[in-house]
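K.L.:
Here's a structure for you.
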Amino acid sequence: MDSRASVLECRDLKKSYGDNAAVKGVGFHIAEGETYGLLGPNGAGKTTTISMVTGLLERDSGEVFVNGLPLTTTSIDAKREIGLVPQDLAIYPDLTARENLIFFGKLYEMSGSDLKKRVDEVLEIIGLTDRAGDRTEEYSGGMKRRLNIGLGLLHQPRLLLLDEPTVGVDPQSRNAILESVEQLSGEGMAVLYTTHYMEEAERLCDRVGIIDLGEIKAEGTRRELVQLVGQHDRIRLQATGPCAAGVEALASLAAVREAGVRDGGIEMLVDNADRWLAEILGKVSGAGVGISSVDVEEPNLESVFLHLTGRALRD
């Protein structure tokens with residue numbers, strides 16, 4: 001368990017639709033200031049899990065606690081701690097961005113100067129200050145997605161849940177969304193982020209739960225997940241001189257699992273390349289090898305997912 005205060009705790013969540021078990025005992029926790037990613041393909045159970053976590057969907061069994069408060073479909077206090085950004089847009093196209101935010105703010109019982117100040121803050125966070133007075137039907141898909149996130153942020157929740165927030169947006173808007181999420185976790189908000197984009201999970205998430213067929217197959221940091229399935233970093237050295245002698249010199253390093261001469265250089269598999277790189281370069285140079293370039297390739301979550309499930313993330 002993270003030493004920081006836990007904002008969300010889920011225990012053994014289950015949900016079936018007839019004979020179809022959509023979620024099969026999912027459990028995880030998220031600390032304040034932490035971004036936790038649910039990484040899995042479409043149909044893996046991500047949205048069903050989020051619906052139970054927010055109390056929108058009755059669970060068959062299991063427990064959910066938000067900021068220490070038990071949450072059910074009828075909870076009020078626990079739900080006040082949550083900001084939800086669903087896959088589907090929850091904005092009014094005939095209102096401006098500012099009008100949308102004011103409307104939802106009043107639903108949160110916000111008013112007066114406090115509401116105006118918070119609307120201005122949210123518009124700044126989502127990068128829509130310059131377009132705040134435009135009707136949202138004129139917005140691009142990416143701008144609508146950013147406003148959708150703003151509505152979830154408005155009441156300053158302790159926990160923000162984002163369900164596939166970048167689906168169907170252009171690269172520029174996607175990057176703006178990811179930057180906003182990075183800023184929020186840095187300010188102490190707990191974030192639950194579901195995605196089927198491996199690169200988003202690697203960029204944003206402190207820890208990742210790999211979910212498939214309604215079950216979390218494994219969870220941890222990217223490094224922990226990679227080590228769990230026995231993956232190693234790959235280092236390629238473009239080199240001149242006695243490369244075979246350089247390979248022999250590497251034999252004394254336990255972190256180097258495998259090394260050989262490849263295509264005019266040395267290639268090796270290493271545990272924790274960032275930790276051992278300096279010593280590796282020292283050993284090779286000491287054997288008289290000239291190094292012209294270094295390339296370090298870390299295994300990604302795609303390879304972990306393939307190992308755990310037997311299929312690619314986008315299958």
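K.L.:
Set the bar at 28 Å for Cα to Cα. Now go through Lys24/Lys106; Lys106/Lys144; Lys24/Lys144; Lys15/Lys144 and name every pair that lies beyond it.
P.N.:
The answer is Lys24/Lys106; Lys24/Lys144; Lys15/Lys144.
K.L.:
Amide H to amide H under 5 Å from Ala218: which residues, 5+ apart in sequence or cross-chain, H placed 1.01 Å off N in plane?
P.N.:
Those lying under 5 Å, H to H, from Ala218 are Ile210.
K.L.:
Compute the distance from the alpha-carbon center of the stretch 158-222 to that of the stretch 227-279, in whole Å.
P.N.:
33
K.L.:
Mind listing the phi-derived Karplus ³J(HN,Hα) values for the stretch 260-275, rounded to whole Hz, using 6.51, -1.76 and 1.60 with θ = phi - 60°, and x for any glycine or proline?
P.N.:
Once rounded to whole Hz, the list reads x, 7, 9, 6, x, x, 10, 10, 8, 9, 9, 7, 6, 4, 4, 7.
K.L.:
Which percent of Cα pairs goes in each bin when the distances of the stretch 232-298 are cut into 10 angstrom slices starting at zero?
P.N.:
Bin by bin from 0 Å, the calculated values are 25, 64, 11.
K.L.:
Still on this structure: Below 17 Å, Cα to Cα, which aspartates and glutamates can Lys79 reach? Residues fewer than 8 away in the same chain don't count.
P.N.:
The reachable aspartates and glutamates, counting only those whose Cα sits under 17 Å from Lys79, are Glu9, Glu32, Glu58, Glu63, Glu109, Asp163.
K.L.:
Please determine, in degrees from 0 to 90 and to the nearest 10, the orientation of helix 112-125 with respect to the longest principal axis defined by the Cα atoms of the chain, where the helix direction is its Cα long axis.
P.N.:
30
K.L.:
Which value, in debye to the nearest 20, gives the size of the charge dipole of the chain about its Cα centre, when Lys and Arg are +1 and Asp and Glu are -1 at the Cβ?
P.N.:
For the chain, the charge dipole is close to 240 debye.
K.L.:
Which GluC sites (Glu not before Pro) in the stretch 36-110 pass both tests, a DSSP loop state and at most 16 other beta-carbon atoms within 10 Å?
P.N.:
When the GluC sites (Glu not before Pro) of the stretch 36-110 are filtered for loop state and at most 16 Cβ neighbours within 10 Å, Glu58, Glu109 remain.
K.L.:
GNM on the chain, C-alpha springs below 10 Å: top fluctuator among Ala190, Ala44, Ala245?
P.N.:
Taking springs between Cα atoms under 10 Å, the residue moving most is Ala245.
K.L.:
Same structure, new question: Give me, ordered by chain and number, the residues 5 or more places off Arg207 or on other chains with an amide H under 5 Å from its own placed amide H.
P.N.:
Thr35, Gly37
K.L.:
Using the alpha-carbon atoms, what tilt in degrees (0 to 90, nearest 10) does helix 141-153 show relative to the longest principal axis of the chain?
P.N.:
70
K.L.:
Further question: Among Gly209, Val226, Gly105, which residue has its Cα furthest toward the positive end of the charge dipole of the chain, with +1 on Lys/Arg Cβ and -1 on Asp/Glu Cβ?
P.N.:
Among Gly209, Val226, Gly105, the one farthest towards the positive end of the dipole of the chain is Gly105.
K.L.:
Among Ser75, Val304, Gln238, whose Cα projects farthest towards the positive end of the dipole of the chain, with charges put on the beta-carbon of Lys, Arg (+1) and Asp, Glu (-1)?
P.N.:
Ser75
K.L.:
I'd like the distance between the alpha-carbon centres of the stretch 101-115 and the stretch 26-86, rounded to an integer number of Å.
P.N.:
Between the Cα centre of the stretch 101-115 and that of the stretch 26-86, the gap is 25 Å.
K.L.:
Can you give the helix-only mean residue ellipticity at 222 nm for the chain, where every DSSP H stretch with n ≥ 4 adds -39500 (n - 2.57) and the sum goes over all residues, rounded to the nearest 500 deg cm²/dmol?
P.N.:
For the chain, the value works out to -10500 deg cm²/dmol.
K.L.:
Then there is this: Would you work out which of Ala190, Ala254, Pro171 lies farthest towards the positive end of the dipole of the stretch 160-258, given +1 charges on the beta-carbon of Lys and Arg and -1 on that of Asp and Glu, about the Cα centre?
P.N.:
Toward the positive end, the furthest listed residue is Ala254.
K.L.:
Taking the Cβ of Ala201 as the centre, find all other residues whose Cβ is under 11 Å away and add up their charges (Lys, Arg: +1; Asp, Glu: -1).
P.N.:
Neighbour charge sum, excluding Ala201 itself: -2.
K.L.:
How high is the relative contact order of the stretch 232-315, in percent, with contacts defined as C-alpha pairs under 8 Å that are six or more residues apart?
P.N.:
40
K.L.:
Tell me, rounded to the nearest percent, the portion of alpha carbon pairs in the chain spaced more than 34 Å apart.
P.N.:
36
K.L.:
Are there trypsin sites (Lys or Arg not before Pro) in the stretch 110-188 that DSSP marks as loop and that have at most 10 other Cβ atoms within 10 Å, and which are they?
P.N.:
Sparse-neighbourhood loop trypsin sites (Lys or Arg not before Pro): none present.
K.L.:
On C-alpha positions alone, give me the angle between the axis of helix 97-107 and the longest principal axis of the chain, in degrees, nearest 10.
P.N.:
Computed tilt is about 70 degrees.
K.L.:
Among DSSP beta bridges whose residues both lie in the chain, state the antiparallel percentage, nearest 5.
P.N.:
Taking every DSSP beta bridge with both residues in the chain, the antiparallel ones total about 70 percent.
K.L.:
Hey, what do the phi angles of the stretch 71-87 turn into as Karplus ³J(HN,Hα) couplings, whole Hz, using 6.51/-1.76/1.60 and θ = phi - 60°, x for Gly and Pro?
P.N.:
Here the 3J(HN,Hα) series is 10, 10, 5, 9, 5, 10, 4, 5, 5, 5, 7, 10, x, 10, 10, x, 4 Hz.
Taken together, the values in this text are just the output of simple stated rules run on the coordinates, not laboratory data. These numbers come from a predicted model, not from an experiment. Heads up, the Cβs are rebuilt from the backbone with ideal geometry, glycines too, and the neighbour counts pull from every protein chain shown.
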